[in-house]
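The block underneath contains the structure these notes are about, expressed in structure tokens.
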Amino acid sequence: MQKNIICVACPMGCGVTVDIADNGEILSVKGNTCKRGDAYARTEITNPVRSLATTVKVNGGIYNVVPCKSAGALPKDKIMECMEAINKAEVNAPVKLGDVLVENILGTGINIVATNHCPTK
């Protein structure tokens, strides 16, 4: 079986073809122009992950929400569950850049961290 993907590991955006055996083993990766493309394609086929950027509610701040991101890549199949958990989360102002807003989200070992400040009112 073959799977075609667009590599996003670098700005080139190579069209990559991955040959996959019936047992799920990757036989070959073709079309990438750099080593990162090979690694990205293999990960995308075996265990796809994504970074997540969103906002978290803030109580008592000058803003109602603070922007945040995942401190690492999250399993693609858990992104919607992570968003549900983040949407339920609330933090109290002040929030500083880099503060952990949600620790170890869904047991993934990845924290959700603030990407901006939110001072108190």
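Laboratory data are not the source of any read-out in this text; all were calculated from the coordinates shown. All of these numbers come straight from a predicted model, not from anything done at the bench. All Cβ positions, glycine included, derive from the backbone under ideal geometry; neighbour counts span all protein chains shown.
For this structure, a couple of remarks:
- Nearest 10 degrees, 0 to 90: helix 79-88 Cα axis against the chain principal axis: 0
- The orientation-averaged projection of the convex hull spanning the C-alpha atoms of the range 2-46 amounts to 2.6 square nanometres.
- Take the Cα of N87, step 7 Å toward its Cβ, do the same at L27, and the gap between the two points is 4.3 nm.
- Phi angles of the range 22-29 translate, via the Karplus equation with coefficients 6.51, -1.76, 1.60 and θ = phi - 60°, into HN-Hα couplings of 4, 8, x, 5, 7, 8, 7, 10 Hz per residue; Gly and Pro are given as x.
- Rg and Dmax of the range 62-121, Cα atoms only, in Å: 11.6, 38
- The chain: translational diffusion in µm²/s, Stokes-Einstein, Kirkwood Rh over Cα pairs, 25 °C, 0.890 mPa s: 151
- Nearest-0.05 FRET efficiency for E103 and N64, computed from C-beta distance (R0 22 Å): 0.50
- Using alpha-carbon coordinates, inclination of helix 35-46 to the longest axis of the chain, degrees: 80
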